[in-house]
1. For region 320-342, give me the residue count where each residue is polar (S, T, N, Q) and at pLDDT 90 or above.
2. For Leu193, only one of the following conditions fails: (1) in contact with a Leu (Cβ under 8 Å, 6 or more places away or on another chain); (2) outside any helix (DSSP H, G or I); (3) farther than 28 Å from Gly123 by Cβ. What is its number?
3. Return yes when Arg317 is surrounded by fewer than 15 Cβ atoms within 10 Å (Cβ to Cβ) and either among the aromatic types (Phe, Trp, Tyr) or closer than 25 Å to Gln241 by Cβ (or both) and no when it is not.
4. Identify, by number, the condition in (1) of a type in the set (A, V, I, L, M); (2) open to solvent by 40 Å² or more (accessible area, probe 1.4 Å); (3) out of contact with any Lys or Arg (no Cβ under 7 Å at 6 or more places or on another chain); (4) closer than 25 Å to Pro26 by Cβ that Leu175 doesn't meet.
5. Report whether or not Asp204 is open to solvent by 30 Å² or more (accessible area, probe 1.4 Å), touching a residue at least 24 places away in the same chain (Cβ under 8 Å) and touching a Ser or Thr at 6+ places or on another chain (Cβ under 8 Å).
6. Would you call Thr51 at pLDDT 95 or above, open to solvent by 30 Å² or more (accessible area, probe 1.4 Å) and either aromatic (Phe, Trp, Tyr) or not in a loop (DSSP other than H, G, I, E, B) (or both)?
7. Take the residues in region 290-308 that are touching a residue at least 60 places away in the same chain (Cβ under 8 Å) and either open to solvent by 30 Å² or more (accessible area, probe 1.4 Å) or of a type in the set (Phe, Trp, Tyr) (or both), then tell me which one is nearest to Leu183 (Cα to Cα).
8. Among Lys75, Lys95, Lys12, which is among the basic types (Lys, Arg), touching a residue at least 60 places away in the same chain (Cβ under 8 Å) and out of contact with any Phe, Trp or Tyr (no Cβ under 8 Å at 6 or more places or on another chain)?
Amino acid sequence: MTYETTMAQLKKGTTKPVYLITGDQPYLTQRLKQAFLNVIPEAERTMNYATYDMESTPLAQALDDAMSAPFFGEKRLVFIERAYFLTTENHRGNKIDHDIDGLLKYLEHPEPTSIVVFFVTNGKLDSRKKVVKTIKKAAEVISLEAVGERQIRSLVQQNLEQDQFKIEPDALNLLLQRTGTDLSLIMNELPKLKLASAESQQIDKTVVAELVSKSLDQNVFDLVNDVMGKRIEAALNLYRQLILTKEEPLRINAVLVSQFRLLIQTKILMRNGYSQGSIASSLKVHPYRVKLAMQSVRHLELGHLRRAYLGLIQIERSLKSTSRDPIMLFELFMLKYLDEVA
């Protein structure tokens, strides 16, 4: 079931006995939690709503609550947070004994007056486990792992419309670029954009440029374009700025290597007729990153991309094995790259 479908059903008061929510999307998770809470009248929540953290509370305690009849109400709501026993993660040092057999029995005959919501926001579901196979059959599964660009744009528009705000197309594009389409980060930026645009209630590109800082990924994206565009002065200035802002040279280089790897893979897959969606699926990369990569590599040669990639691998080796100045290493890399592709 999709996030949108679930939200629509919950607004109507239509619920199922068991839900499983997966994916690390704090903004969407919080909205879902509030939608579930809204199903329980506020006056009844004290007695008919509880949340249990599986890293500190036995599962049996949550199941006992789920099997109890609602107290002067129609529904009981139970949140089971950080259900790591459903994942491939081996939880370090956690000695809580969770009653998995009890959960299997509960899933066979869930209490119809209870709404039990399992949250797996970290780690990957372990499909080999019997309990995972069982819960997938018994529960409505809501996956929040991949939030596409179109959905992000829609969620931003919905958020702004609630407060009678609008955002110009160029401003929204810049917001997505600056935040790397990180939904939670975008939603954290909106309050200050609204505040700065309170008089006109129209968010423009200038306001976004002034108030939303570039992420490391966005700075590296600009740096890659400067390298491939042979703009040596611009590339060196941006690299120096990143060093001055206390970004670790190894981290900068790692993101550069990752970006060039993505460009090379995208270029090869495009040559083989892959679409944006199929490239994103094959590489397990956010579709928006693939979209930007496709735009970047259209006029770039594969050989040039490979030379740049290998040059950055050499910088990584030097950074790990010597104490040479990272700015000097990057400058030498740029000069060598320009000489090779001239």
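The values are calculated or read from the model by the stated rules, or taken from the named source; none is laboratory data. Remember, predicted model here, so these are calculated numbers, not experimental data. In this analysis, Cβ positions are derived from the backbone assuming ideal geometry, glycine residues included, and neighbour counts consider all displayed protein chains. These accessible areas exclude ligands, DNA and RNA; they are computed on the full protein's heavy atoms, side chains included. Shrake-Rupley method; radii C 1.70, N 1.55, O 1.52, S 1.80 Å.
1. Narrowing region 320-342 to residues polar (S, T, N, Q): 321-323.
Filter again for at pLDDT 90 or above, leaving 321.
Qualifying residue count, region 320-342: 1.
2. (2)
3. Working: surrounded by fewer than 15 Cβ atoms within 10 Å (Cβ to Cβ): yes; either among the aromatic types (Phe, Trp, Tyr) or closer than 25 Å to Gln241 by Cβ (or both): yes.
Answer is yes for this residue.
4. (2)
5. Values: open to solvent by 30 Å² or more (accessible area, probe 1.4 Å): yes; touching a residue at least 24 places away in the same chain (Cβ under 8 Å): yes; touching a Ser or Thr at 6+ places or on another chain (Cβ under 8 Å): yes.
Yes.
6. Numbers: at pLDDT 95 or above: yes; open to solvent by 30 Å² or more (accessible area, probe 1.4 Å): yes; either aromatic (Phe, Trp, Tyr) or not in a loop (DSSP other than H, G, I, E, B) (or both): yes.
So Thr51 fits the description; yes.
7. Residues of region 290-308 that are touching a residue at least 60 places away in the same chain (Cβ under 8 Å), as a first pass: 291-292, 296, 300, 304-305, 308.
Filter once more, so that each one left must be either open to solvent by 30 Å² or more (accessible area, probe 1.4 Å) or of a type in the set (Phe, Trp, Tyr) (or both): 291, 300, 304.
Details: Lys291: 17, Leu300: 30, His304: 33 Å.
By that ranking, first place goes to Lys291.
8. On the way: Lys95 fails: touching a residue at least 60 places away in the same chain (Cβ under 8 Å); Lys12 fails: touching a residue at least 60 places away in the same chain (Cβ under 8 Å).
The unique qualifying residue is Lys75.
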